[in-house]
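Student: Could you have a look at this structure, given as structure tokens, before my questions?
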Amino acid sequence: YDYTKQQDVELTFKQGDMIKVLEKPDGDWWLGQCMSSGQLGLFPATYVVPSEEANAEDIRLQELIQSERNYVDDLLMVRDVFQKPLSRQGLLSAQEVDRIFVSWSRLVKVSTRMLAKLQAADGDVEVGKVLLELLPFFEVFVCYGRQLRAALDFLDYKLKTNKLFEAVHIRCCNDSRARGLPLNYYLLLPMTRFTKYPLMLQQLLKQTSPAQADHDHLEQAVSALKQLCVKVNRLASEAENVHMLHWCQNHVRCDNTVPKLVFNGLTNRLGPRQFLHAGPLQKAKSGRLLVAFLFNDMLLLSTPDEPIIDPMAFKLSQNSELTFTLY
């Protein structure tokens, strides 16, 4: 219903206005702020009904907080269940720990800080404002995303070449806190979580009235996070490409090419060379096994210097020790 204030401390509003409840001094009169006028005052509780929009907004907010809490718990679990045991038993040097657990302590700090800010607001949180304040610290995701592929490849290399490392890793996976999942699953969590932030904020934005102060903050945060996601994906792709081109230079012999083939160089017409894919091929008549390297400007055929036992399981990474010769 419409209500016109009878005293200065009361609030005037019209049917359809959104009122944010600030306090409930007693059952009949509440203290609130009219979102359309910005005015504060007491109003009769019997003149209003709960807003479905506000309820939906609160649900989205609680989902964000709970999912962030679960994410922080997983980050801490990885540190305690995987990182510390593997480091403590001398299976990884300090440098190797950094190669696998890229910026992990920084990831923990950023998300712990974000969770604390969301929880401290006690239901009166401006999520968009919080995210904008933390945005400079989100650069850690850029660093992490750029090195994630290399971290996963190095972990795979250690598991395949070090039996003791593999055994301890299995023991870590069997810890009840790890829920039977391997470390490579958890290494993917930060990027999965980061890419979800814009989507979750968009849903929250849909439930936030344009009259609310945080509406503009949410719009800015969504836009900024989307741009950061694009940057992360681009840098991760560029880093992986450079690593693989460097690997090709050291592991694919092209002695007879004139001039000498420089993999990490410029193509004739397509700009910088890009590594796209590598995989085994078998000649139809002779059955001879070749390995093809596909780039944005050429298809290079090679022969492996040592037999590939299982072509179907063939997988090339920057940690592979295989060598090839131009066919």
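The values are calculated or read from the model by the stated rules, or taken from the named source; none is laboratory data. Source: prediction; values computed, not measured. Positions of Cβ are backbone-derived with ideal geometry, glycine not excepted, and every protein chain shown enters the neighbour counts.
Student: It is to be established whether one or more residues within the stretch 53-66 are over 21 Å from residue 210 (Cα atoms) and modelled with pLDDT of 85 or more.
Tutor: Taking every residue of the stretch 53-66 in turn, at least one turns out to be over 21 Å from residue 210 (Cα atoms) and modelled with pLDDT of 85 or more.
Student: Now for a separate question. Does at least one position in the stretch 148-171 carry a residue that is surrounded by 14 or more Cβ atoms within 10 Å (Cβ to Cβ), within 30 Å of residue 129 (Cα to Cα) and in contact (Cβ under 8 Å) with a residue 24 or more places away in the chain?
Tutor: yes
Student: Related question: Which of the numbered conditions does residue 211 fail, given that it passes all the others? Conditions: (1) at pLDDT 90 or above; (2) over 19 Å from residue 71 (Cα atoms).
Tutor: Of (1) at pLDDT 90 or above; (2) over 19 Å from residue 71 (Cα atoms), only one is false for residue 211: (1).
Student: Mind listing just one residue for me: the one in the stretch 24-35 that is in contact with a strand residue (DSSP E or B) (Cβ under 9 Å, 6 or more places away or on another chain) and loosely packed, with under 14 Cβ neighbours inside 10 Å and, of those, modelled with the lowest pLDDT?
Tutor: 25
Student: Restricting the first residue to the stretch 80-101 and requiring it to be of a type in the set (D, E, K, R), which pairs with a second residue that is modelled with pLDDT under 95 and part of a loop (DSSP other than H, G, I, E, B) meet a Cβ separation below 7 Å and a spacing of at least six or different chains?
Tutor: Between residues of the stretch 80-101 that are of a type in the set (D, E, K, R) and residues that are modelled with pLDDT under 95 and part of a loop (DSSP other than H, G, I, E, B), there is no close pair.
Student: Can you spot a residue in the stretch 77-99 that is farther than 26 Å from residue 238 by Cα, surrounded by fewer than 18 Cβ atoms within 10 Å (Cβ to Cβ), touching a helix residue (DSSP H, G or I) at 6+ places or on another chain (Cβ under 7 Å) and aliphatic (A, V, I, L, M)?
Tutor: yes
Student: Could you check the stretch 1-90 for strands (runs of 3 or more DSSP E) lying wholly inside it with 2 or more residues that are aliphatic (A, V, I, L, M)?
Tutor: Output list reads 19-23, 40-44.
Student: All but one of (1) modelled with pLDDT under 90; (2) in the same structural domain as residue 317 (by TED's automatic domain parsing) hold for residue 292, so report the exception by its number.
Tutor: Unmet for residue 292, out of (1) modelled with pLDDT under 90; (2) in the same structural domain as residue 317 (by TED's automatic domain parsing): (1).
Student: To continue, here is another question. Evaluate the following for residue 103: is it surrounded by 15 or more Cβ atoms within 10 Å (Cβ to Cβ), under 30 Å from residue 315 (Cβ atoms) and of a type in the set (S, T, N, Q)?
Tutor: Answer is yes for this residue.
Student: Among 102, 108, 140, 168, which is modelled with pLDDT of 90 or more and outside any helix (DSSP H, G or I)?
Tutor: Only one candidate passes the filter, namely 102.
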